[in-house]
Amino acid sequence: MSKKPGLFSRLFGSGKDAAESAPDAVEEKEVAEEEVVAPEEGEATPEIVEEVAQEEASIEAEEQAEPSEPEPIEDDITSEEEPSIDEVETSEEPIEASEVVEESVEDDAPEVVEAVVEDEPVVEEPKPAEPEKKLSWFERLKRGLARSSGALGESISSIFTKRKLDDDTLQDLEDILIQADLGVETAMTITERLADGRYNKEVSGEEVQKILADEVNAVLEPVAKPLEISSRDDGSPHVILMIGVNGAGKTTTIGKLAQKFNAEGKSVMLAAGDTFRAAAIDQLKVWGQRTNSPVVAREVGSDAAGLAFDAMTEAKEQGRDILMIDTAGRLQNRTELMAELEKIVRVIKKHDESAPHSVLLVLDATTGQNALNQVEIFSKIAGVTGLVMTKLDGTARGGILVAISAKHKMPVHFIGVGEGVEDLEPFKSEDFARAIAGLAE
């Protein structure tokens, strides 16, 4: 007979131990009925088995009647002393998130401050810009003639460096002056004056520049004349006819002159006689708005001579002081276009025998020697009374004005060295001569 487990083992032992102890209990009961055996130490008697059964029944009844609940004190102690894993994890997660937020704020805060500091110069109000220094007319003229004077100065310096004035040097100088479009006559005059008293002696470039300025001024001084605006007793306007080849700058020159005349207190009317180009008509209208000058215009392709006649009539009716008539650009070798110009002049004279009172030929300095032919032919067709030289700032051949003046003795009223209204000024020979020679004012 196997040894029986104790009371504790039977109550709380595994299911396997209980199953194994059950047959043993039955067998023990049967043997007890047959014979009385003294119980061994640790074995269960029938009285004990019955007692155990009663205790088990009692325990089950108590459990069914009153289900056990954890005491709140134990829960409080447990929660205070030993928080569960879930509670720890739950409490730790927001702490970690807050720490991340605090770290990001701490990391970002210096950057925001730095950005504000960097932007401070931009937020600050800019200091008022200093007004640009206004250049004098001579400074603008010298700057405009820089290409012409620079080319002359470099060439002159190159031939007079450590050389005596001999025939070869004089010939080189004459070639340089002719290439600069000063003209053969002016070039010969300068070399002859330079050789007088200096032959076979060393001559500096500054001496040559001084002589150059003197001779250029001598040629230009007789033709440097202002444009005179005559007053009419009958109330008719002073008529200015603007002529020239394509692209010389006639329309722009009209606008600049209109602004200057208005500044002098003269009333001006403009006539869009370039009826071949719609752009020229529109451009003249813009200048009319700028200068508060009425513009007489017709459709593209209209008769230019008829427009000139209508403009003269309107200008007289309105009592305008000056009427400036624009014309289409035409090459001097185009016979039919030059014949049209003759017609315009005839029609103007029918309205006023003394008109046009000024016929201004606008010359583009970049055309060089071709300008000499323009003066000659336009003078024959339209009776040119004066010259306006434009675009002197765009060429190294500004000396052409000297050659034209030496040959044709034509008055020069204005010269232009830029796009602005202030860049067109009355011609002054001494300023031009010093600027083209590269001398200071």
task = Using packing as a proxy for protection, rank 382-393, 414-425 so that the peptide with the highest average count of other Cβ atoms within 10 Å comes first.
result = 382-393, 414-425
key: Under 11 Å, Cβ to Cβ, from Arg143 - net charge with Lys/Arg +1 and Asp/Glu -1   = 0
note = Between the modelled labels at Gln171 and Asp303 (7 Å from Cα along Cα→Cβ) the distance in nm is 6.1
inquiry  = Run the numbers for Asn373 and Glu342: contour at 0.36 nm per residue of separation, minus the present Cα-Cα distance, in nm.
reply    = 9.4 nm
request  = Compute the distance in nm between two label points, each set 7 Å from the Cα along the Cα-to-Cβ direction, one at Gln54 and one at Arg143.
outcome  = 13.0
remark   = Taking 215-226, 426-437 and ranking on average Cβ neighbours within 10 Å, highest first, one gets 426-437, 215-226
ask   = Going through the stretch 328-382, which GluC sites (Glu not before Pro) have at most 16 other Cβ atoms within 10 Å and a DSSP loop state?
value = Glu353
query = Going by how many other Cβ atoms sit within 10 Å of their own, how do Trp137, Trp287 line up, fewest first?
reply = Trp137, Trp287
request  = Treat the count of other C-beta atoms within 10 Å as a stand-in for reagent exposure and order Leu341, Leu182, Leu284 from fewest to most.
outcome  = Leu341, Leu284, Leu182
query = What order do you get for Arg334, Arg143 when you list them from fewest to most C-beta neighbours inside 10 Å?
reply = Arg334, Arg143
request  = Could you list the residues of the stretch 170-197 with an amide nitrogen less than 13 Å from a label point located 7 Å from the Cα of Glu207 in the Cα-to-C-beta direction?
outcome  = 170, 193-197
remark   = Length gained if Ser136 through His408 is fully extended, taking 0.36 nm per residue and subtracting the Cα-Cα distance, is 94.9 nm
key: Gap separating the Cα centres of the stretch 410-441 and the stretch 330-358, nearest whole Å   = 29
By average C-beta atoms within 10 angstrom, highest first, the peptides 322-329, 252-259 = 322-329, 252-259
request  = Once you have the Cα-Cα distance between Ala278 and Glu422, take 0.36 nm times their residue separation minus that, and quote the gain in nm to one decimal.
outcome  = 49.2 nm
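Readers should treat all values here as calculations from the given coordinates under stated rules, not as data from a laboratory. Keep in mind that what you see is a predicted model, and the values were worked out from it rather than measured. Counting neighbours? That spans all protein chains shown, and the Cβs are built from the backbone with ideal geometry, glycine included.
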